[in-house]
Amino acid sequence: MTALGLAILTLGAVFLALGGLGLWRMPDTYTRIQAGTKATTLGTLLSMAGAGVLEPGWALKLALIVLFLMFTNPLSSQVLARAAHRARVPQAPQTVADALAEAEGEGAQ
Amino acid sequence: MAEALLVPAVALGLGLVLAALRFLRGPHVLDRVVAFDGLTVISISALVLVALATGRGIYLDVALVYALLSFLGVIVAGRYLEGGE
Amino acid sequence: MSDAQRPLKLFATLLLFWMILNGSLAPDVFLAGLAISAAIAFLLPGGLSVLCGARLSLRGVGAALGFTGFFLRELVVANLRMAGLVLNPALPVRPAIVRVETRLTDPVARLLLANAITLTPGTLSVELSGRWLYVHWVVAETTDPQEATRAIVAGFENYLEVIYG
């Protein structure tokens, strides 16, 4: 049981590290938000699950932290992405389309 | 038990360092906010790791309150920076 | 869903969270939680709770379970893809902001949809306006609104429509 818990916990920590790597490597703010949110949400989910296996008495409280994060993490990324777009933070040169900027352009005319 | 927690602790440390580098590098304020959000989320798992290593459940409450406060902070920062054209 | 049930649901949710946070079943803790939850439910009867507006029927609960399962699977797929992307030395991103359409009208259902999109393969909700949703896509497969809607929204919408129908 301890080995299982530790394995899940370690896997979660690896995903959190990948989230950090994504934050560092991605070319623009939007892609960084993407890499940051996804990896850290699953990473947290897994590491809390691992901790729950190691200490079953904490399971409910850990579940509460996970539930809270599952709601707030995507919300804050959405707010940040919207803020970035409204503040005209530049997008990476690889970007192929921006339907939101087009829609705003139509609205202004 | 505490020794076995070393591997996830190193992984979390790596994630924290990379997020901190992005925080220092920017270049836009929002990049820093994003990096800070990442730092916070990784710290929550780090706090749970500390709770496991010391066997003290009180750190879970710290993690929960930290998650709550940082969420509010990020939302406020995002809302504020929206108008920053 | 009748409005009379809203404060009751809020009360039950608050009490549940109170008990989990305290982690004890002592009578004084329970009574304090009872009083505080009742006061909040009484003062803020319209409080936004995830359960408000949801259908508490067998079909609704089934759809909620289906949604959760689908969502967790998508979350794992999203992370494996993102890990592959981040670890790839060439970093083959092809970002785009695409427009997709949603039929959902309930605010909580829309919030859940936007959140679910953010956590699933390569997509991030940027802006919600009316029935249009603007989604940032790390490796965009298409920029056509209809195709993008099928690829991004349809999977979740089917479940949410049943739950919040």
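No value in this document is a laboratory result; all are computed from the given coordinates. Treat the numbers as computed from the prediction; the structure is a model and nothing was measured. Virtual Cβ from ideal backbone geometry, glycine too; neighbours counted across all protein chains shown.
Let me confirm one metric for peptide A:44-53, namely the mean number of other chain beta-carbon atoms within 10 Å of its residues' beta-carbons.
Partner Cβ neighbours, averaged per residue: 4.
How would you order B:36-48, C:31-43 from highest to lowest mean count of nearby Cβ atoms within 10 Å?
Ranked from most to least packed, the peptides come out as B:36-48, C:31-43.
Rounded to the nearest 5, what is the percent of antiparallel bridges among the DSSP beta bridges in the protein assembly as shown?
Values: 12 of 15 bridges.
Just about 80 percent of them are antiparallel.
With θ set to phi - 60°, apply the Karplus curve 6.51 cos²θ - 1.76 cosθ + 1.60 along the stretch B:39-45 and write out the HN-Hα couplings as whole Hz, x wherever there is a Gly or Pro.
4, 4, 5, 5, 4, 4, 5
Dipole of the protein assembly as shown (Lys/Arg Cβ +1, Asp/Glu Cβ -1, origin at the Cα centre): which of C:Thr13, C:Val139, C:Thr118 lies farthest to the positive side?
C:Thr13
Would you mind classifying the stretch B:26-82 by shape? Square roots of the alpha carbon gyration tensor eigenvalues, ordered a ≥ b ≥ c; an a/c under 1.5 is rounded, otherwise it is prolate if a/b is larger than b/c and oblate if not.
Values: a/c = 6.52, a/b = 2.24, b/c = 2.91.
Note, shape of the stretch B:26-82 comes out oblate.
Per-residue mean of other chain beta-carbon atoms within 10 angstrom of the beta-carbon, peptide A:5-15? Display every interim value, and only then the final one.
On the way: counts 3, 6, 2, 1, 10, 7, 2, 5, 14, 7, 7.
For peptide A:5-15, the averaged partner shielding equals 6.
Rounded to the nearest 0.05, what FRET efficiency is calculated for B:Arg32 and A:Leu60 with R0 set to 35 Å and r the Cβ-Cβ distance?
0.50
Report ³J(HN,Hα) in whole Hz for each residue of the stretch C:90-103, in order, from the Karplus equation J = 6.51 cos²θ - 1.76 cosθ + 1.60 where θ = phi - 60°; Gly and Pro get x.
Coupling constants for the stretch C:90-103: 7, 6, x, 8, 9, x, 7, 9, 10, 9, 10, 10, 10, 8 Hz.
Using the Kirkwood formula over every pair of different C-alpha atoms, what hydrodynamic radius in Å results for chain A?
About 15.8 Å, per the Kirkwood formula over Cα pairs.
Using modelled backbone amide H atoms (1.01 Å from N, in-plane), which distant-in-sequence or interchain residues come within less than 5 Å of A:Asp98's amide H?
Those lying under 5 Å, H to H, from A:Asp98 are C:Ile97.
So if I place +1 on the C-beta of Lys and Arg and -1 on the C-beta of Asp and Glu, and nothing else carries charge, what would the dipole magnitude of chain B be about its Cα centre? I want it in debye, nearest 20.
Dipole size: approximately 100 debye.
Hey, got the average number of other protein chain Cβ atoms within 10 angstrom for residues in A:61-71?
6
With r defined as the distance between the Cβ atoms of C:Leu8 and C:Arg73 and R0 fixed at 30 Å, what FRET efficiency is calculated, to the nearest 0.05?
Details: r = 33 Å, r/R0 = 1.11.
Calculated value: 0.35.
Roughly what would the spin-label model give for C:Asn158 and C:Asn22, points 7 Å off Cα along C-beta, in nm?
Each label point lies 7 Å from its Cα, and together they span 4.4 nm.
Where nothing but the Cβ of Lys and Arg (+1) and of Asp and Glu (-1) is charged, how large is the charge dipole of chain C around its Cα centre, in debye to the nearest 20?
Roughly 120 debye for chain C.
Given contacts defined as C-alpha pairs under 8 Å and at least six residues apart, what's the relative contact order of chain B, whole-number percent?
26
Karplus couplings for the stretch C:73-89 from phi (6.51 cos²θ - 1.76 cosθ + 1.60, θ = phi - 60°), rounded to Hz, Gly and Pro as x?
5, 4, 4, 5, 4, 4, 6, 5, 5, 5, 4, x, 5, 5, 7, 6, x
Given points 7 Å out from each Cα along the Cα-Cβ axis, report the C:Leu65 to C:Ala90 separation in nanometres with one decimal.
Spacing of the two 7 Å Cα→Cβ label points: 4.4 nm.
Tell me, what is a quarter of the convex hull surface for the C-alpha atoms of chain C, in nm² with one decimal?
12.0
May I ask for log10 I(q)/I(0) of the protein assembly as shown at q = 0.12 Å⁻¹, from a Debye sum over the Cα atoms as equal point scatterers with solvent left out?
Cα-only, vacuum Debye calculation for the protein assembly as shown: -0.92.
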